[in-house]
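Worksheet: the structure to be examined is printed underneath.
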Amino acid sequence: MLPPKISHSQLKIATFNLFNYLEPPNAYYEFERIYSLEQWQKKQHWIANYLNEYQPDIIGFQEVFSIESLKALVEKQGYNHFAVVDEPHIEDDFIYSKPVVAIASKFAIIQTNSVKVNNELASLIGLSDEFSFTRQLLRATIDIPHLGHTDCYVVHFKSKRSMIEYDEQNANQSAEKTIIETLKAQVVGGWGSTVQRGSEATLLMAEIISRREQTQYPIILLGDFNHPLDDGVLNQLLTNTLRFASTSDCDKYLAKYCLQDAWQLSQKVALNNTTYANKNHEKLDGNTLLVSNSREANQQKTAERIPTHYFAGKGSVLDYILLSCEFDASNHNSLYQVSNHQTYDKHLINPIFDYDGESTDHGIVLVTLTLRS
């Protein structure tokens, strides 16, 4: 007799930048940027097709202008739980700016809040009293099977667009002067955006740690980070060491309060599975054959990570899912492991205009979490 099937032995989590999701006849940013009815229907159809094919259980969305439209769309796909914590800015009754993030879930959302800036910490790192997140960051506490209440954060950090815009249409100055002033605006404004983005990540991580201490809930952080994780600006999201820590339990506590990149967790699982399979395969007549050096080397190779965004012909990873230790197979307290990490990018590298013409300029990141036996 076969053992009974365990309900929800797999979960799927996705982050999805919708790219100017705004229902016509409204305009995004400028009055002429309005989808035609045909374009809007194509965009809606594309999103619905992805959800229907890949069936994520929880999705974090970015660049949402039309909140009610998105809520209705995902509800038709089986997402009965939907939340936002902010509204876009509207000028002249139809020009929208400052899109918001949203979350959709097949599991009950118990509580939703915006993440608040800790003004004391902000002051300590030299930020002004008026510092705020570029876009409100969303925290939804979701009742996930086998995990219980889990805090899911959806973010869209400050873009790389310069915070200073210089008007180049000044007819009274030379071409060289225009270039000089534009260059200064780009250098200073670009750094300002980097400081803003890094500060957002830093203050968010501090709030995540405080919240974890208070509730002990597992953590899922997902969204468009607008920056790679590996060049220093956002490194604090993956902090896993302490300088001068003296407690013998340091590693245990760090594992509890720190986050890990779902991609890296998936690679660890894949490597362990390959090693285990090879060991079993090489047992012959009770004797274990030695693994060759070349095979060991091949096992250590990490699969190439797929970019989630392209600019000026260069790909980069901007969209991430970070997880707490409950999803780390190497942690003895974990309940799930990251069995698959996938970036959907067909519309970026080989688009079919009739189908992908109104899709999105980001890849969609999806992780599969499998219940550990």
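Computed from the C-alpha gyration tensor, the three semi-axes of the ellipsoid equivalent to segment 167-241 are 40, 11, 9 Å, from longest to shortest. Measure nothing fancy, just the Cα-based angle from helix 67-76's long axis to the longest principal axis of the chain, in degrees from 0 to 90, nearest 10. Compared with the principal axis, the helix lies near 30 degrees.
For segment 21-129, count all C-alpha to C-alpha pairs, find those more than 18 Å apart, and express that count as a whole percent of the total.
Cα-Cα pairs of segment 21-129 separated by over 18 Å account for 58 percent.
Of Leu73, Leu323, Leu237, which is the most mobile in a GNM of the chain whose springs link Cα atoms less than 10 angstrom apart? Looking only at Leu73, Leu323, Leu237, the largest GNM fluctuation is found for Leu73. Hydrodynamic radius of segment 15-69 by the Kirkwood approach over all distinct alpha-carbon pairs: 12.0 Å. With K and R counted +1 and D and E -1, the other residues having a Cβ less than 9 Å from that of Gly190 yield a net charge of +2.
Both radii are taken from the alpha-carbon atoms of segment 5-47; with Rh as the Kirkwood radius, Rg/Rh is 1.27. One Cα centroid belongs to segment 128-144, the other to segment 187-256; the line between them spans 14 Å.
Just to be sure I understand: with springs between alpha-carbon atoms less than 10 Å apart, which residue in Phe82, Phe311, Phe131 has the highest mean-square fluctuation in the Gaussian network model of the chain? Of Phe82, Phe311, Phe131, the most mobile in the Gaussian network model is Phe311.
Largest GNM mean-square fluctuation among Pro25, Pro56, Pro307, using the chain with Cα springs under 10 Å: Pro25. For the chain, leaving out every one of the GluC sites (Glu not before Pro) that falls in a DSSP loop and has at most 14 other Cβ atoms within 10 Å, the longest unbroken run is 169-281. Averaging 1/r over every pair of different alpha carbons in segment 59-107 and inverting the result gives a Kirkwood radius of 11.2 Å. Segment 166-268: which trypsin sites (Lys or Arg not before Pro) are DSSP loop and have at most 10 other beta-carbon atoms within 10 angstrom? Listed in order of number, the matching sites are Arg243.
Only helical runs count toward this figure. For the chain, summing -39,500 (n - 2.57) over DSSP H runs of n ≥ 4 and dividing by all residues gives -10000 deg cm²/dmol at 222 nm. For the residue pairs Lys42/Lys268; Lys268/Lys314; Lys12/Lys256; Lys256/Lys346; Lys43/Lys314; Lys160/Lys252, the alpha carbons lie more than 29 Å apart in Lys42/Lys268; Lys256/Lys346; Lys160/Lys252.
Please report, largest first and rounded to whole Å, the three semi-axes of the ellipsoid equivalent to the chain, where each semi-axis is the square root of five times an eigenvalue of the C-alpha gyration tensor.
38, 26, 23
Stretching Gln236 away from Trp191 to a fully extended chain increases their span by 14.4 nm, per 0.36 nm per residue minus the current alpha-carbon distance. When only alpha carbons of segment 80-157 are considered, Rg and Dmax amount to 15.4, 48 Å.
Across segment 194-268, the mean sequence separation of Cα contacts (distance under 8 Å, 6 or more residues apart), normalised by length, yields a relative contact order of 34 percent.
For segment 126-257, the spread of Cα coordinates along the three principal axes comes to 66, 37, 28 Å, biggest extent given first.
Every number in this text was worked out from the coordinates using simple rules, so none of it is lab data. These numbers were taken from a predicted model, which means no experiment stands behind them. Here the Cβ is made from the backbone with ideal geometry for all residues, glycine too, and neighbour counts use every protein chain on show.
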